[in-house]
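The structure appears below as C-alpha cells.
Each reported figure results from applying straightforward, stated rules to the coordinates on display, with no laboratory input. Just so we're clear, the structure is a prediction, and the values are computed from it rather than from any experiment. Here the Cβ is made from the backbone with ideal geometry for all residues, glycine too, and neighbour counts use every protein chain on show.
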Amino acid sequence: MSILTQVIDGMQDILTESSDIIGRETKFIQRQRKLSGSSFVQTLVFGWLSNPEATLEELCQTASILGIQISPPGLTKRFTSQASDCLEKVLEAAVSTVIAAEPVAIPILERFNGVHIQDSSIVTLPNELAVIWAGCGGSSSKSSNSSVKMQLRLDLNTGELAGPYLRPGREHDQSYHLDKPFKGALLIRDLGYFALKEFKELNEQGVYWLSRVKSSCDLLDESGRRWGLLELLKNHCHDELDMQIMLGVKEKVPCRLLAVRVPDEVAKLRRCKLISEAKREGKKPSKKSLELAGWTTLACNVSCEKLSLKEAFVLMRARWQIELIFKLWKSCGFIDEWRTENPWRILCEVYAKLIVMLIQHWILLAGCWQYPDRSLFKAVKTIRRHAINLACAFASGSMERLLEALEIIQGCLSVGCRINKRRKIPHTYQLLLALGDNP
C-alpha cells in the first residue's frame, strides 16, 4: 500500500465513520442534526489546518465548503463538555492509526531497527479544567492548576509517531510507559526518563538505548570499584572516555560510559545557566553540578563496534528533532493558543488541533520525509496553502479527487521545502550524513 493510500484511508476513517460513531457514543450527538460528529470534526480540522488562528467566522466558512450551513453563534454552542469528550476520543483513534514512510537514506540510522526519540511537552490550561487535567500549580504568574502533558515518540527512520499520549501535567515522565520499541531498535531519551530498572528491562529485551547520566548515579568499574560520576570523570576523562561500567550499585546495569570534556567557554555558559535557574527557584547550584558542567556524559548499551563515541554524541544531538516537532506544533500549529476564555471551547481546540497536527504529519511523511534536508516549517506552510483545496476534495467523496489533491501537495513538498546547508555550525542531518556507513 502506498503512503498516499495510507493517508487517505487514515483521513477517511478518522474524519467520517469514527467521528460519527464517537459523536453518538459520547452523547455529543443525541438526535439527527445538520451538524454530525464527522461534520463537526471536519470543520475544525480543515479550518485549523488552513489557518491555525481561524476565527469562528472562518471556521463557519470552512463548514460551508464541506456542505454544512452553521452560524458562528451556532458553532459556539457546540463547544461543550460532550464535544470535548468526542474530540478526545477522535484524537485517540488518530493516535492509534499507524502511518510510516519509507526509511530515510541516512546510513547510521539503517544500523538499527528504528531510531526512536522520546520526549514530552506541556500545554497550560485554564484552572477550571484542573478536574480533568491536573497541573503543577505554583506561585509563578504563568503557572496553572491545570495542564496537559503530551508524551511523544518519533522514529527518525520512518517518521512514524507514537502519540501524542495525554497525561496530567503534574505527572512525571516516568509514570507513563509507552510500548517498548522492537528488538534491535535504538531508544534515545533525556534525563527525565532516566530509570535503571527500565534500562535493565531494555537490555533483557534486546532494545538498544542511549541516555544522559544522572549526576547522583553511582557506578561500578570492571573491577567492581564504586565511583561517583564526578570522581570517575576527574580520574579517567581528560579529553574523552569510553569504558565499560555498571550503572547503579544495586541494579548493576551493564553499559558503556561515554564522556567528553567540553571547551571552557561552553562550561562557563552551562554554569551561568545553572546559577540562573537555581536563582529563580531561590536556591544555589551544588558545587558538584557546577563541576560536572565541564563534561558531557552519556551511557548506552550499544557496542563500540556498532556505535563509536563520536557517533553516539551525534545521535544524542538528533534527540532535538522531537523538540522541533513540539516547536512546530506550538509556533505554527498554535496548539497552546486560542481566542476564547470558555474552558470547554479551549479544550476542544487543543484536541482538534492535535488531530490536525497528526494529519499534517501524515502528509509530511508522504511528501518530504525521504529527504534528509527537509524543512518541516517550510512544508507546513505549503500544506496550509493547499488545505482548502484538500477540504473540497474530501467533501466531494471522490477517492480520485482526494488522491489528486494529495498528489499536488506531495509534488509541491518534493521541491523547495529544504534547509540551506551551513558551514560553521552544521545542521544535525549534515552531521548524520557525514558519519557514513561504518562506525
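What to note about this one:
- CD proxy at 222 nm, helix term only [per DSSP H run n ≥ 4: -39500 (n - 2.57); per residue of the chain; nearest 500]: -13500 deg cm²/dmol
- Counted charge near ASP85, where neighbours are those whose Cβ lies closer than 13 Å (Asp, Glu -1; Lys, Arg +1): +1
- Net charge dipole, the chain: roughly 1420 debye, given to the nearest 20, about the Cα centre with Cβ charges of +1 for Lys and Arg and -1 for Asp and Glu.
- Order of ASP119, ASP179 under a 10 Å beta carbon neighbour criterion, fewest first: ASP179, ASP119
- Local electrostatic count at ASP218 - Lys and Arg +1, Asp and Glu -1, tallied over other residues with Cβ under 14 Å: +3
- Calculated P(r) of the stretch 132-224 - Cα pairs past 21 Å, %: 47
- Within-10-Å neighbourhood charge of ALA162 [Cβ basis; K, R +1; D, E -1]: -2
- Largest to smallest principal axis extent of the C-alpha atoms in the chain, angstrom: 74, 49, 41
- For the stretch 301-439: Kirkwood Rh in Å [reciprocal of mean 1/r, alpha carbons]: 17.6
- Helices that extend 30 Å or more along their long axis by alpha-carbon positions and average at least -0.5 on the Kyte-Doolittle scale are, among the DSSP H runs of the chain, 343-367.
- Of LYS250/LYS273; LYS149/LYS353; LYS197/LYS279, pairs whose Cα-Cα distance is over 24 Å: LYS250/LYS273; LYS197/LYS279
- Of LEU232, GLN370, GLY169, farthest towards positive along the dipole that unit charges on Lys, Arg, Asp, Glu beta carbons give the chain: LEU232
- Dividing the Cα radius of gyration of the stretch 75-179 by 2.2 N^0.38 Å, with N the residue count, gives 1.33.
- The ranking of PHE194, PHE377, PHE40 by Cβ neighbour count inside 10 Å, starting from the fewest, reads PHE377, PHE194, PHE40.
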